[in-house]
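Data first, discussion second: the structure below is written as structure tokens.
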2 protein chains.
Amino acid sequence: MQQMRTSADLRIHNQARLLRAVHDADEPLTRAGAGRLLGFGRNTMATLVGELEAAGLLHEVRADVAGRGRPTTLLVPHPRGPIAFAADIREDSWTLAQIELGGLLTELAAGEHDRTPAVFEELRAAMKRHATGRTAALGIAVTGPLRDGHRLHISHLDWGEVDLRRHLDDEWPTAVGNDARLAGLAEARRGALRRTGTALHFHIDFDIGGTLLLDGDPQRGAANIAGEFGHMPLTGSRLRCMCGVHGCWSLDVGTNALLRHFGREPGHGRGREFGREIVARAAAGDPEAGRAVDDNATALGRGLGALANALDPEAITLSGLGVDLIRLRRDLIEAACADALMEFRRATPPRILAGTVGEIGPLRGAAEIAFDAVLHPDELRKRL
Amino acid sequence: MQQMRTSADLRIHNQARLLRAVHDADEPLTRAGAGRLLGFGRNTMATLVGELEAAGLLHEVRADVAGRGRPTTLLVPHPRGPIAFAADIREDSWTLAQIELGGLLTELAAGEHDRTPAVFEELRAAMKRHATGRTAALGIAVTGPLRDGHRLHISHLDWGEVDLRRHLDDEWPTAVGNDARLAGLAEARRGALRRTGTALHFHIDFDIGGTLLLDGDPQRGAANIAGEFGHMPLTGSRLRCMCGVHGCWSLDVGTNALLRHFGREPGHGRGREFGREIVARAAAGDPEAGRAVDDNATALGRGLGALANALDPEAITLSGLGVDLIRLRRDLIEAACADALMEFRRATPPRILAGTVGEIGPLRGAAEIAFDAVLHPDELRKRL
DNA sequence: ACCTTTATGTTCCTGTCTAGAACAAAAACG
DNA sequence: CGTTTTTGTTCTAGACAGGAACATAAAGGT
């Protein structure tokens, strides 16, 4: 917690708690319900909500009456309240969306790109088109490690080091995160990891990216490049990985591993189509594709077990290809995981779940970190 | 942060901040200096310190005058203030100590034990002898995973599952942690990891235990059994580990691995003497011992690199045998670590350091978690 | 139709907390 | 021995959340 010393800090803190509760709620909160949830009396709620309404952050609308008692109001986003941009930049495409208080996500624009950093120009143009006076922050998901929060490395696109600060204006507070981390955040906020204390999320695409979530917070590490779980030698492979290390877990799990099983050289973010085809064939009963998927699932499980020994997650969620692997080979994954778990842990293994946020996980996560900036006490202070 | 809503909570929070600052300070804080550090005016400091003095938590003594201006006071532990017990229970011995505000640690009693849970009886007797009205909390370090914070598994002592709640009274608030986690906490509070955001600590004894420290906080995992980094397959071993898994890192690093190099069967917490002898021989130039230590160091480095890829620590500290390995084979460790680091990380590898707290790390960590209970807002509320 | 019950909103007052200002105190400096 | 510097003390002010009493708006019951 940042500085909290004076009663003014306390007020900001409580306003932030209220807005956070509204933002994170599964269903719209009533004013009375929010008061109960947060422990405020009706008098205090009146002043808090009043101030937030005056600041253009919250709006009250009549709630449908339910049962006895004086009707209360619903706490909804203010019609002129702040909106955040969220962008997801993938190997070959980009998406721009906006999010408002409460989590409503609306797609604004999307496109293909030419696998060069010119994509940032397209994104800036799209933002210029859609920006309004309400736009307050920007969150971006990118598909690679982000050293120090702005130096992007995407080796398989030959982006040696792309400095995001050169490609983006600083018109709004901007937060950036890699896709796996943000997909994990999305699961923690809106998906299968809600109310989970310690969890792991893995986004399996060409290879594996992941994030350790502690009380819903996806960890960043010292230089913002934590999460490369795919580049630990967890499955005994002898191959050299594109990252420069031998034996990486990602050599055996992900679309690249599927391609390699069929003799295709993986790399440069190509072959996703064929990967999907292998999964489809395996689902249809093709034996060779089935073996490729078997190997993938087994290697996945072994790695998950090893990581569970060290990090003791309550649950592990998967997105991307991981969802298919769970659907087709849950047994294999769980058996391999159990084999890799220390004996005394096997009675209570971590739950392994498919993420429920789906394809838009990184975009949703980018939206969340963007809106987090708006709800941050320092930002709030300026509006109140 | 637990509930923080009212101005009374704010006061407790600020009192806790002040006591925490006094406790964590490298040198005794002055009242004026603490005020500057925490951002309080002199008036507020007067009331805060006054209340803490009245509550028997803080005491003011005249400070040596330094330079101009009215002399201020030193903030020291109250002569009748709370004291916490700290205990360290190892495979064959136990220690009881006490800690007071500011971190002063005093050993009270110690002994050997018979490798059965009867050690807890000895410990209770020692505590009964040394308890006074000032005793306020108890922290214990144990050498094994502690499921749910009270179920202790020490497979190599054949302690299948020992429920600590049956062996301890609940006379005081009691906190328990495993030795590696508490050694890491000790480094974060009083050693080489002060002011380090993301760090890893490994305690290398017979095998490897570790902990991930985030802003000084050693992580626990969902069931309090995080930290078994030694039971991930990071070095390609084919052996079966006592934990029930194949290929564990601990098969190649630690005293057990040294023993195995010399054809001795490891296990049951025996052979530490011979392990020390191997280290001494290697230091003296014995080639066979040297090779054993080489292998240990290389395997250590490989594992550290793999973990750094995933967790991106700023620094890694080692205790136990790790201190000897750094002293004798720093180059090998760092080279193996670099080989296991993703290429783009090699320019800025994590610092690998020997812990500076020393042998008493687990005891010091136990003392810290015990005193943390005293400084916790809920406990403080009772005293104010 | 009318009163009761229930839940919520509003108003006013109280207690607590930190900050600011003015002043007092205790040292070093010249 | 007065000045400067730093700290402690006291008193007042401003802000915040809570409690109590009352008002309001619905459903239930007769």
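Compare A:ARG147, A:ARG17, A:ARG189 in a GNM of chain A, Cα atoms joined below 10 Å, and give the one with the largest fluctuation.
A:ARG17
Quick one: accessible surface of B:HIS130, probe radius 1.4 Å, all protein chains present, in square angstrom to the nearest 10.
Ignoring ligands and nucleic acids, B:HIS130 comes out at about 60 Å².
Not counting ligands, DNA or RNA, and with a 1.4 Å probe, what is A:GLU60's accessible surface area in Å² rounded to the nearest 10?
50 Å²
With every protein chain kept in place and ligands, DNA and RNA left out, what is the accessible area per residue of the stretch A:7-77? Probe 1.4 Å, answer in Å².
Values: 3890 Å² over 71 residues.
Heavy-atom accessible area per residue stands at 55 Å².
What nm distance separates the two modelled labels at A:ASP26 and B:THR116, each placed 7 Å from Cα along Cα→Cβ?
Using points 7 Å along Cα→Cβ, the separation is 5.1 nm.
Bin all alpha-carbon pair distances of the stretch A:193-356 at 5 Å intervals from 0 and give each bin's fraction as a whole percent.
Each 5 Å bin holds this share of Cα pairs: 2, 9, 19, 23, 21, 15, 8, 3, 0, 0.
Just the accessible area for B:VAL323, please: 1.4 Å probe, Å², rounded to the nearest 10?
That residue has around 50 Å² of solvent-accessible surface.
Mean residue ellipticity at 222 nm from the helices of the protein assembly as shown, using -39,500 (n - 2.57) per DSSP H segment of n ≥ 4 over the full residue count, to the nearest 500 deg cm²/dmol?
-12500 deg cm²/dmol
Find the accessible area per residue for the stretch B:253-362; the probe is 1.4 Å, ligands and nucleic acids are left out, and the unit is Å². Working shown, then result.
On the way: 4550 Å² over 110 residues.
The answer is 41 Å² per residue.
Using a 1.4 angstrom probe on the protein heavy atoms only, line up A:ASP114, A:ASP324 by accessible area, largest first.
A:ASP114, A:ASP324
Take every residue in peptide B:216-227, count the Cβ atoms of other chains within 10 Å of its Cβ, and give the average of those counts.
5
Using a label point 7 angstrom from Cα along Cα-to-C-beta, what distances in nm, from shortest up, separate B:GLY236 from the other copies?
From this label point to the equivalent ones elsewhere in the assembly: 1.3 nm.
Separation of the stretch B:314-384 and the stretch B:175-200 by C-alpha centroid, Å?
5 Å
Quick one: if you take sqrt(5λ) for each eigenvalue of the C-alpha gyration tensor of the stretch B:20-148, what semi-axes come out, biggest first, whole angstrom?
Largest first, the stretch B:20-148 gives 38, 14, 13 Å.
What per residue convex hull volume, in Å³, do the alpha-carbon atoms of the stretch B:7-77 yield? If you can, show how the numbers build up before the last one.
Details: hull volume 6.4 nm³, N = 71.
Given the Cα convex hull of the stretch B:7-77, per-residue volume reads 90 Å³.
For a quick check: with amide H placed at 1.01 Å from N, whose amide H comes under 5 Å from B:THR72's, ignoring anything fewer than 5 positions away on the same chain?
B:ALA63
Give me the summed buried accessible area for the B-A pair, 1.4 Å probe, to the nearest 100 Å².
So the buried area, both faces added, is about 4000 Å².
Equivalent-ellipsoid semi-axes (√(5λ), Cα gyration tensor) for the protein assembly as shown, whole Å, largest first?
On the way: eigenvalues 344, 313, 110 Å².
So the three semi-axes of the protein assembly as shown are 41, 40, 23 Å.
Got the A:ASP286 label distances to the other copies yet, label 7 Å along Cα→Cβ, in nm, shortest first?
6.0
May I ask what percent, to the nearest 5, of DSSP beta bridges between residues of the protein assembly as shown are antiparallel?
In the protein assembly as shown, approximately 60 percent of DSSP beta bridges are antiparallel ones.
Please work out the Kirkwood hydrodynamic radius for the stretch A:133-176, using every pair of different C-alpha atoms, and report it in angstroms with one decimal place.
It works out to 11.3 Å.
Check cross-link reach from A:LYS382 to the lysines: straight Cα distance under 26 Å, and skip same-chain residues fewer than eight apart.
Partners within reach: A:LYS128.
Two decimals, Cα atoms only, Kirkwood Rh: what is Rg/Rh over chain A?
Expressed as Rg/Rh, it is 1.01.
Is there a quick way to get the dipole size of the stretch A:194-320? I mean about its Cα centre, with the Cβ of Lys and Arg at +1 and of Asp and Glu at -1; what is the value in debye to the nearest 20?
180 debye
Can you list, shortest first in nanometers, how far A:ALA25 lies from the same residue in the other copies, with each label 7 Å from Cα toward Cβ?
4.6
Within the accessible area of chain B, what % is carbon and sulfur when the probe is 1.4 Å and the other protein chains stay in place? Provide the component values of the computation, followed by the final result.
Numbers: 7720 of 16080 Å².
Using a 1.4 Å probe with all protein chains present, chain B comes out at 48 percent carbon and sulfur.
Based on the Kirkwood radius over alpha-carbon pairs, what is the Stokes-Einstein translational diffusion coefficient of the stretch A:261-354 at 37 °C with 0.692 mPa s viscosity, in µm²/s?
In µm²/s, the coefficient rounds to 235.
The values are calculated or read from the model by the stated rules, or taken from the named source; none is laboratory data. Please read all numbers here as calculations on a predicted model, not as lab measurements. Using ideal geometry, Cβ is built from the backbone for each residue, glycine included, and neighbour counts are taken over all protein chains shown. What goes into the accessible areas is simple: the full protein's heavy atoms, side chains included, and nothing from ligands, DNA or RNA. Shrake-Rupley method; radii C 1.70, N 1.55, O 1.52, S 1.80 Å.
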